[in-house]
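The values are calculated or read from the model by the stated rules, or taken from the named source; none is laboratory data. Just so you know, these numbers come straight off a predicted model, no measurement behind them. FYI the Cβ positions are ideal-geometry reconstructions off the backbone, even for glycines, and counts take in every protein chain you see.
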Amino acid sequence: MKNILIGVTALLFTLSACAPSMDEPVNSETPSAPQPGGYAPSPSDLTLMRGEAYVDETTLLALESYPLQFTLVMAGSLPTPCHQLRVAVRAPDSENKILMDVYSVSASDAICVQVLEPFEVNIPLGSFPTGHYTVWVNGKQVSELDS
């Protein structure tokens, strides 16, 4: 029995190491840079149809680090399971606004079941120079932070 447990544990560990990460960081300095397995826009998106992403909840996390690192947790839905989430994060502007564009992309000829696809993602925002910042998602202020 002990050997079976060790074998199953080793198998699960190996499989989890091969799984793609769902929380790839989005580089806030170059929002258009593609990130493998992540949510940043990529050049291949030009061949896809842009759609909505419905953001229902956001939570800003300040990680215990030096300098402080911030992560935005977002939960919501995509229009169908065929849509892929995209998040473009811009560096803070002159008013210390961190603007995020959250949307979906899908193939225009995709045939998909018409049901909302829930998502919950962690979007690393990084660290910022000392100051007060506001975080905006699709034109709506969702949080504030002090760095």
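Of all residues in the stretch 128-147, those satisfying the criterion of being among the small types (Gly, Ala, Ser), over 14 Å from Glu52 (Cβ atoms) and modelled with pLDDT of 95 or more are Gly131, Ser143. Among the residues of the stretch 98-105, at least one is crowded, with 17+ Cβ neighbours inside 10 Å, modelled with pLDDT of 95 or more, touching a helix residue (DSSP H, G or I) at 6+ places or on another chain (Cβ under 7 Å) and assigned to a strand (DSSP E or B). Asp109 falls short on exactly one of the conditions (1) surrounded by fewer than 16 Cβ atoms within 10 Å (Cβ to Cβ); (2) of a type in the set (D, E, K, R); (3) in contact (Cβ under 8 Å) with a residue 40 or more places away in the chain, and that condition is (3). Under the condition of being in contact (Cβ under 8 Å) with a residue 60 or more places away in the chain and surrounded by fewer than 17 Cβ atoms within 10 Å (Cβ to Cβ), which residue from the stretch 66-87 is nearest to Val135 (Cα to Cα)? Among those residues, the one meeting the criterion is Leu68. Just a yes or no: is a residue in the stretch 114-131 in contact (Cβ under 8 Å) with a residue 40 or more places away in the chain and among the polar types (S, T, N, Q)? Yes; the residues of the stretch 114-131 include at least one that is in contact (Cβ under 8 Å) with a residue 40 or more places away in the chain and among the polar types (S, T, N, Q). Among all positions in the stretch 107-119, there is no residue which is closer than 17 Å to Ala40 by Cβ and polar (S, T, N, Q).
Conditions (1) assigned to a strand (DSSP E or B); (2) aliphatic (A, V, I, L, M); (3) at pLDDT below 95, marked per residue:
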site	(1), (2), (3)
Leu46	no, yes, yes
Glu57	yes, no, no
Cys82	no, no, no
Val87	yes, yes, no
Cys112	no, no, yes
